[in-house]
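The values are calculated or read from the model by the stated rules, or taken from the named source; none is laboratory data. Please read these numbers as outputs of a predicted model, since none were measured by experiment. Here Cβ is always computed from backbone atoms with ideal geometry, including for glycine, and neighbour counts include all displayed protein chains. These area figures cover heavy atoms from the full protein model, side chains too; ligands, DNA and RNA do not enter into them. Shrake-Rupley method; radii C 1.70, N 1.55, O 1.52, S 1.80 Å.
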Amino acid sequence: MGCQDQLLVSKVCEIYYEISKLETLKPSEHVDMLFTQLVLTCMPPSSIDVAKLCKRVQEIRSKLIRLCGQAEGLLEAHFSTILGSFENPIDHLNIFPYYSNYLKLSHLEFTILMQHCAAVPTSVAFLGSGPLPLTSIVLASYHLTATTFHNYDIDPSANSMASRLVSSDPDLSGRMRFHTTDVMNVTSALKDYDVVFLAALVGMDKEAKVRVIDHLAKHMAPGALLMLRSAHGARAFLYPVVDPCDLRGFEVLSVLHPVDEVINSVVIARKYPMPVKSSVLVDHQGLGPIILPAKCSDQIQCFNPLHQINMIEELAVEEQLS
């Protein structure tokens, strides 16, 4: 690990220790300052591979992702409550401090999605929508304006807050559905969706994420698209990483790594229309055999679907298996 990477890891660990001492992760000046500092530390493009870090740093990263997830949930609940006090909450979404990021991310995801869709999807599921389902709202408002969105979250209070945000909007309230259930309990309903979005924090570690992906591979409709959020470089201290070869039962179409303030990488994959004969490898993490997708490679090309994103790397997936 180079000197620059060592400095970055030391800084991330220093911020982690400060965050871990907090009595609460609810939004406040001090909490906001620490998480802003963390994001700014991890945001610049980095070649660091978090999978190769020592065990102690790996454990810190795992704990930090969970703390980030808790803080993000509390932040969203805080602003969803504020927005819910307005007569028309949708008119005031810009009070959320990261709203512009969601506009950019949703535009990016829509652009990628439509490159791989034969037709505009009529029904979309978002798994892990939370109390402030900005992705669904932005996509439904600006991009998929005739599509029905089914939002799933395990927390009934999150769904209650989210539902309140769209209740005063005749169009959105007619096209938004909210379901309170564990993602792993959603089975036959998954076959109804042309596209399934999986939130970054559904499955906060590799094992949990792979279990969710395998569940989706079992129950999604053949040919349906799966859109996931991942992380790259130092941003993997903030969110779990989804590797293309984690997507068993899917054909990986693109993996995109923004390098601006859009933190999440975007992965899009298609459920195989039928079982695929693939090589089987032993999974040394105890999850059983891994059936590799038919397309998976490390070739990286440039891709720039949006004017406001300076540079995005596209992982062009190519045939590897005979």
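Taking the Cβ of Y16 as the centre, find all other residues whose Cβ is under 14 Å away and add up their charges (Lys, Arg: +1; Asp, Glu: -1).
Working: positive: K11, K21, R56, R61, K63, R66; negative: E14, E18, E59.
Local charge sum for Y16: +3.
Where Lys and Arg each count +1 and Asp and Glu each count -1, what net charge lies around T145 among other residues with Cβ under 14 Å from its Cβ?
Working: positive: R175; negative: D169, D171.
Local net charge: -1.
For a quick check of understanding: with a 1.4 angstrom probe and all protein chains in place, what accessible area in square angstrom does M43 have, to the nearest ten?
40
For an R0 of 51 angstrom, estimate the FRET efficiency from the Cβ-Cβ distance between A119 and Q70 and round to the nearest 0.05. Kindly include the intermediate steps, with their values, before the conclusion.
Working: r = 39 Å, r/R0 = 0.76.
That pair, A119 with Q70, gives E of 0.85.
Tell me, how many Å apart are the Cα centres for the stretch 240-269 and for the stretch 1-73?
21
For the stretch 74-183, take every pair of Cα atoms, bin their distances at 10 Å starting from 0, and report each bin as a whole percent.
Each 10 Å bin holds this share of Cα pairs: 15, 49, 32, 4, 0.
Under a 1.4 angstrom probe, counting protein chains only, how are R175, R211, R164 ranked by accessible area, largest first? It would help to have the intermediate numbers written out before the result.
Values: R175 25, R211 125, R164 105 Å².
Putting R175, R211, R164 in descending order of accessible area: R211, R164, R175.
Largest first and to the nearest Å, give the Cα extent of the stretch 141-252 along each principal axis.
42, 32, 27 Å, listed from the longest principal axis down.
Okay, which of the stretch 214-242 sit inside 15 Å, backbone N to the point 7 Å along the Cα-Cβ direction of H143?
225-230
How much accessible surface does Y99 have with a 1.4 Å probe, in Å² rounded to 10?
Its heavy atoms expose roughly 30 Å² to the probe.
Quick one: how many Å² of H78 are accessible to a 1.4 Å probe, rounded to 10?
Approximately 80 Å² of H78 is accessible to the 1.4 Å probe.
Find out how many positive minus negative residues lie around V241, taking Lys and Arg as positive, Asp and Glu as negative, among other residues whose Cβ is under 14 Å from that of V241.
Working: positive: K52, R61, K206, K209, R229, R235; negative: D49, D205, E207, D243, D246.
Its environment carries a net charge of +1.
Counting Lys and Arg as +1 and Asp and Glu as -1, each charge on the Cβ, what is the dipole of the stretch 18-102 about the Cα centre in debye, to the nearest 20?
640
For the stretch 58-106, what is the convex hull (Cα atoms) projected area averaged across all directions, in square nanometres? Before the final figure, lay out each step's value.
On the way: hull surface 16.3 nm².
Result: a mean projected hull area of 4.1 nm².
With the alpha-carbon atoms as the only input, what is the per residue convex hull volume for the stretch 1-153 in Å³? Walk me through the numbers on the way to the answer.
Working: hull volume 22.1 nm³, N = 153.
For the stretch 1-153, the hull spanned by Cα atoms encloses 144 Å³ per residue.
Sort K52, K26, K206 by heavy-atom solvent-accessible area, probe 1.4 angstrom, most to least. If you can, show how the numbers build up before the last one.
Values: K52 165, K26 125, K206 55 Å².
Correct descending sequence by accessible area is K52, K26, K206.
Work out the charge dipole of the stretch 1-133 with +1 on the Cβ of Lys and Arg and -1 on the Cβ of Asp and Glu about the Cα centre, then indicate which of Q58, S129, T41 is farthest towards its positive end.
Q58
With +1 on each Lys and Arg Cβ and -1 on each Asp and Glu Cβ, and nothing else charged, work out how big the dipole of the stretch 1-153 is about its Cα centre, in Debye to the nearest 20.
Values: 10 positive and 14 negative charges, 112 e Å.
Rounded to the nearest 20 debye, it is 540 debye.
Kindly state, as a whole number, the per residue volume in cubic angstrom of the convex hull around the alpha carbon atoms of the stretch 2-70.
Numbers: hull volume 6.0 nm³, N = 69.
Considering the Cα atoms of the stretch 2-70, their hull volume per residue is 87 Å³.
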